[in-house]
Amino acid sequence: MPLAIFDLDNTLLGGDSDHAWGEFIVEQGIVDAASYKAKNDAFFEDYLAGRLDIRVYLDFCLQLLGEHSQAQLDEWHALFMHEKIEPIILPAAEALIARHREAGDTLMIITATNRFITAPIARRLGIDILLATECERSDGRYTGRTTDIPCFREGKVTRLERWLLENNQYLEGSWFYSDSINDLPLLSMVDHPVAVDPDDTLRAHAEGAGWPVLSLR
């Protein structure tokens, strides 16, 4: 069965779940508002500009996970889903997922955002296979550190290639939907790359390469 691979943030969602989590924990008073928001916004600008240092960012954003129990984190995440994620789930994205499901394709989300944030979102969208940046755990708690290869830029390619090998799967007939120039390495690998509400750089590349440009907004 062909793979239908979806980026998550600003592709299936009408916003960025990673940045939205930062906004949520600021609004809830979980972190110091002024300093955290400034850093979160600066990292987001770096991401949009294609210059994010993923390791530095992960040290920043995963620290909170190591400071609280799983029960507390789950309680916050449930509220986050209700307040921040449900409003940005795009009906057209759900329809696109449904079309690929009905065609018998294997559905996958591949995202740079960490698994703590994205696993419940993937479940909400009905997609079982999730490749995400991993959060290290020890003795039933998060450590506040990442583990494995960050699922970002070329790291998405590495993580996907490993998954293909482990699952005896191939990219023939595959699709990948993304909004970001950061995903150019993976878009260039699949048979059917689709730019979804793309940033200006990706739009220019897609138009030059003759790739479809789609809006789910």
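At a threshold of 8 angstrom on Cα-Cα distance, excluding pairs fewer than six apart, so keeping six or more, what relative contact order does the range 17-85 reach in percent?
Averaging sequence separation for qualifying contacts and normalising by length gives 40 percent for the range 17-85.
Would you please give the residues with an amide H less than 5 Å from that of Leu90, counting only those at least 5 places away or on a separate chain, with H modeled from the backbone geometry?
Hits under the 5 Å cutoff: Gly14.
Using θ = phi - 60° and the Karplus form 6.51 cos²θ - 1.76 cosθ + 1.60, what ³J(HN,Hα) does each residue of the range 190-199 get, whole Hz, x for Gly and Pro?
Once rounded to whole Hz, the list reads 8, 6, 10, x, 10, 8, 10, 6, x, 5.
For the range 131-187 and the range 1-76, what is the separation of their C-alpha centers, rounded to whole Å?
Here the two parts' Cα centres lie 17 Å apart.
Residue by residue, what Karplus-based ³J(HN,Hα) values in Hz, rounded to whole numbers, does the range 134-149 have, using 6.51, -1.76 and 1.60 with θ = phi - 60° and x for Gly and Pro?
Going residue by residue, I get 8, 10, 5, 10, 8, 6, x, 10, 6, 8, x, 10, 8, 9, 6, 7 Hz, with x marking Gly and Pro.
For the range 17-85, evaluate the Debye formula with one uniform point scatterer on each Cα (no solvent term) and list log10 I(q)/I(0) at q = 0.22 Å⁻¹, rounded to two decimals.
Cα-only, vacuum Debye calculation for the range 17-85: -1.02.
Once Lys and Arg get +1 and Asp and Glu get -1 on their Cβ, which of His19, Gly66, Met81 lies farthest toward the positive end of the dipole of the range 17-85?
Of the options given, the answer is His19.
With θ taken as phi - 60° and the coefficients 6.51, -1.76 and 1.60, list the Karplus ³J(HN,Hα) couplings across the range 53-58 in order, rounded to whole Hz; mark glycine and proline as x.
So the J values, rounded to whole Hz, are 8, 5, 5, 5, 4, 5.
Mind giving me the FRET efficiency for Arg99 and Leu79? R0 is 25 Å, r the Cβ-Cβ distance, nearest 0.05 is fine.
Efficiency, rounded to the nearest 0.05: 0.20.
List the aspartates and glutamates whose Cα sits under 17 Å from the Cα of Lys39, skipping any in the same chain fewer than 8 residues away.
Asp16, Asp18, Glu23, Glu27, Asp53, Asp59
Using a 1.4 angstrom probe, figure out how much accessible area the chain has per residue, in square angstrom, rounded to the nearest whole.
46
Amide H to amide H, which residues 5 or more places from Leu214 or on other chains are under 5 Å from it, using H placed in the peptide plane?
Amide H neighbours of Leu214, under 5 Å, 5+ apart: Ala195, Val196, Asp197.
Contact order normalised by length for the chain, with contacts defined as Cα pairs under 8 Å and 6 or more residues apart; what percent is it?
That works out to 26 percent.
The values are calculated or read from the model by the stated rules, or taken from the named source; none is laboratory data. None of these values were measured; they are calculated from a predicted model. So basically every Cβ, Gly included, is an ideal-geometry build from the backbone, and we count neighbours across all protein chains shown. Please note that ligands, DNA and RNA were not included when accessible areas were found on the heavy atoms of the full protein model with its side chains. Shrake-Rupley method; radii C 1.70, N 1.55, O 1.52, S 1.80 Å.
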